[in-house]
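Single-structure report; data block below.
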Amino acid sequence: MTDSQEPVCEVPCVGAVVFDADGRLLLIQRANPPAQGQWSLPGGRVEPGEELTDAVCRELLEETGLSGEVIRHVGAIRRDAPDGSIYVIDDYLMVVGGAGRPRAGDDARDVGWFAPEELAALDTSPGLVEVLRGWSLLD
């Protein structure tokens, strides 16, 4: 018997984990599906031929107006996409340069810095807080 299932398409994505000097996490409120209206890490799809670290820097700039530098890879997660494919999201701890203030751009409705204790009151994307805690990034 042969397996008639179509192979699942994996879509490479990235996310930026950025904390300020006060330990607040940078989040964007998503303007578009999936998770529209929810707060999440800045990030998105990797363009064909793009390095993951270049993609996360680009996405951070596009969604927040902030330039960042990658510190290290913190982990990867898999999430179901609305079209049946799988988002494979590589998250990177980053530091932002300069004294600029974040501004919502590209796919972001809003942007802000949030203390870890404020996250419980936010409508965050599914599993965000749990994953960050699992990676020991939140107190």
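The values are calculated or read from the model by the stated rules, or taken from the named source; none is laboratory data. Since we're looking at a predicted model, the values are computed, not measured. Positions of Cβ are backbone-derived with ideal geometry, glycine not excepted, and every protein chain shown enters the neighbour counts.
Which one of Val17, Val11 is closer than 14 Å to Thr124 by Cβ, in contact with a strand residue (DSSP E or B) (Cβ under 9 Å, 6 or more places away or on another chain), assigned to a strand (DSSP E or B) and at pLDDT 95 or above?
Values: Val11 fails: closer than 14 Å to Thr124 by Cβ.
Being closer than 14 Å to Thr124 by Cβ, in contact with a strand residue (DSSP E or B) (Cβ under 9 Å, 6 or more places away or on another chain), assigned to a strand (DSSP E or B) and at pLDDT 95 or above holds for just one of Val17, Val11, which is Val17.
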Checklist entry - Among (1) of a type in the set (A, V, I, L, M, F, W, C); (2) modelled with pLDDT under 95; (3) buried (at least 16 other Cβ atoms within 10 Å of the Cβ), which single condition is Val74 missing? => result (2)
Item to check | Residue identified as part of a strand (DSSP E or B), surrounded by 15 or more Cβ atoms within 10 Å (Cβ to Cβ) and at pLDDT below 95 among Arg109, Arg79 | outcome: Arg79
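Give Ser85, Ser67 a once-over and let me know the one that is small (Gly, Ala, Ser) and free of Cβ contacts under 8 Å to residues at least 60 places away in the same chain.
Ser67
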Item to check | Residues (acidic (Asp, Glu) and either over 12 Å from Gly15 (Cα atoms) or touching a Gly at 6+ places or on another chain (Cβ under 6 Å) (or both)) located in the range 64-104 | outcome: Glu69, Asp80, Asp83, Asp91
Checklist entry - Only one of Val88, Val70, Val74, Val95 is assigned to a strand (DSSP E or B), over 19 Å from Gln29 (Cβ atoms) and touching a Ser or Thr at 6+ places or on another chain (Cβ under 6 Å); which? => result Val70
Next on the checklist: Tell me yes or no: at least one residue of the range 64-71 is modelled with pLDDT of 95 or more, buried (at least 19 other Cβ atoms within 10 Å of the Cβ) and polar (S, T, N, Q).
Outcome noted: yes
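Modelled with pLDDT of 90 or more, within 15 Å of Leu128 (Cβ to Cβ), aliphatic (A, V, I, L, M) and crowded, with 16+ Cβ neighbours inside 10 Å, is that true of Leu61?
Working: modelled with pLDDT of 90 or more: yes; within 15 Å of Leu128 (Cβ to Cβ): no; aliphatic (A, V, I, L, M): yes; crowded, with 16+ Cβ neighbours inside 10 Å: yes.
When the stated conditions are applied, Leu61 does not pass them.
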Item to check | Where Asp90 falls short, out of the listed (1) farther than 18 Å from Asp22 by Cβ; (2) surrounded by fewer than 16 Cβ atoms within 10 Å (Cβ to Cβ) | outcome: (2)
Checklist entry - Filter the range 32-57 for residues that are within 12 Å of the chain's Cα centre (by Cα) and either part of a strand (DSSP E or B) or charged (D, E, K, R) (or both); which is surrounded by the fewest Cβ atoms within 10 Å (Cβ to Cβ)? => result Arg45
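Has the range 68-76 got any residue that is over 13 Å from the mean Cα position of the chain (by Cα) and farther than 26 Å from Pro116 by Cβ?
There is no residue in the range 68-76 that is over 13 Å from the mean Cα position of the chain (by Cα) and farther than 26 Å from Pro116 by Cβ.
Looking at this structure, is Gly44 small (Gly, Ala, Ser) and touching a residue at least 60 places away in the same chain (Cβ under 8 Å)? If you could, list the steps in order and put the result at the bottom.
Working: small (Gly, Ala, Ser): yes; touching a residue at least 60 places away in the same chain (Cβ under 8 Å): yes.
Yes; evaluated as a whole, the condition is true for this residue.
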Item to check | Count of the range 68-105 residues which are out of contact with any strand residue (DSSP E or B) (no Cβ under 8 Å at 6 or more places or on another chain) and among the acidic types (Asp, Glu) | outcome: 1
